[in-house]
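Taking it in order: structure first as structure tokens, then the write-up.
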Amino acid sequence: MPLTVGQSIPDVPLTAVTPSGPEAMEKSALFGGKTVVLFAVPGAFTGTRSNQHLPGFVGHADAIKAKGVDTIAVVAVNDPFVMTAWKDSSNAGDAVLFLADGSATFTKAADMVLDLTDAGLGVRSLRYVAVIQDGVVTKLAVEESPGEAVASSAEALLAMLDDK
């Protein structure tokens, strides 16, 4: 069953891009006792992701964090080296935590899989944004089309955060 509001985030480690290199992060370290905005993209370096989705979260990071969010994170089915290169080229700084899900383990456990095998891209993630409080999803928006970043945009998230 796909990730839903009220559901706990899967207890699957992700690999964080850190200044000292890739670092395995357990669920408790990423989500425990925090309010986290997690947005997922099918992959790094593609048009919608790099030109619209990620820049929106970087540009609105202060406004999002002002609403009580501790961490803004992006997850993609890419290895940590691709995620590091994407972070470095995006000028995101510390506004967004980049998380690699290279084998789609987290994506599969969350049942948020987008199968692009026929297009030569393999298993990827659906595009979505979730607000997670202490490991539990409290708000969620999933895009109907993976090429769009409307429902899962930073602007839509800000409206969600205003909607108690």
Q: Could you figure out which of (1) of a type outside the set (Asp, Glu); (2) in contact with a strand residue (DSSP E or B) (Cβ under 7 Å, 6 or more places away or on another chain); (3) more than 14 Å from Ala44 (Cβ to Cβ); (4) not in a strand (DSSP E or B) isn't true of Val129?
A: (4)
Q. What residue, of Val36, Val69, is under 22 Å from Asp163 (Cα atoms), part of a loop (DSSP other than H, G, I, E, B) and touching a strand residue (DSSP E or B) at 6+ places or on another chain (Cβ under 7 Å)?
A. Val69
Q. Scanning for something touching a Ser or Thr at 6+ places or on another chain (Cβ under 6 Å), outside any loop (DSSP other than H, G, I, E, B), small (Gly, Ala, Ser) and in contact (Cβ under 8 Å) with a residue 12 or more places away in the chain, does region 74-90 turn up at least one residue?
A. no
**Q.** Test: Leu99 is aliphatic (A, V, I, L, M) and within 13 Å of the chain's Cα centre (by Cα)
**A.** yes
Q.
On the basis of being more than 14 Å from the chain's Cα centre (by Cα) and surrounded by fewer than 19 Cβ atoms within 10 Å (Cβ to Cβ), does Val136 make the cut?
A. yes
Q: Check whether at least one residue in region 51-58 is assigned to a loop (DSSP other than H, G, I, E, B) and surrounded by fewer than 17 Cβ atoms within 10 Å (Cβ to Cβ), and report yes or no.
A: no
Q) Which one is surrounded by the most Cβ atoms within 10 Å (Cβ to Cβ), of the residues in region 67-81 that are small (Gly, Ala, Ser) and within 14 Å of the chain's Cα centre (by Cα)? A) Ala76
Q. Regarding Gly43, is this residue touching a strand residue (DSSP E or B) at 6+ places or on another chain (Cβ under 7 Å), surrounded by 13 or more Cβ atoms within 10 Å (Cβ to Cβ) and of a type in the set (Gly, Ala, Ser)?
A. yes
Q. Residue check: is Asp115 surrounded by fewer than 15 Cβ atoms within 10 Å (Cβ to Cβ), without any contact (Cβ under 8 Å) to a residue 24 or more places away in the chain, of a type outside the set (A, V, I, L, M, F, W, C) and assigned to a loop (DSSP other than H, G, I, E, B)?
A. no
Q.
When you check Val5 against the structure, is it surrounded by fewer than 17 Cβ atoms within 10 Å (Cβ to Cβ), in contact with a strand residue (DSSP E or B) (Cβ under 7 Å, 6 or more places away or on another chain) and not in a strand (DSSP E or B), yes or no?
A. yes
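Values quoted throughout were computed directly from the atomic coordinates according to the rules given, and no laboratory measurement underlies them. Computed from a prediction, not measured in an experiment: that's the story for all the values here. Neighbour counts are summed over all protein chains in view; Cβ atoms, including those assigned to glycine, are modelled from backbone coordinates with ideal geometry.
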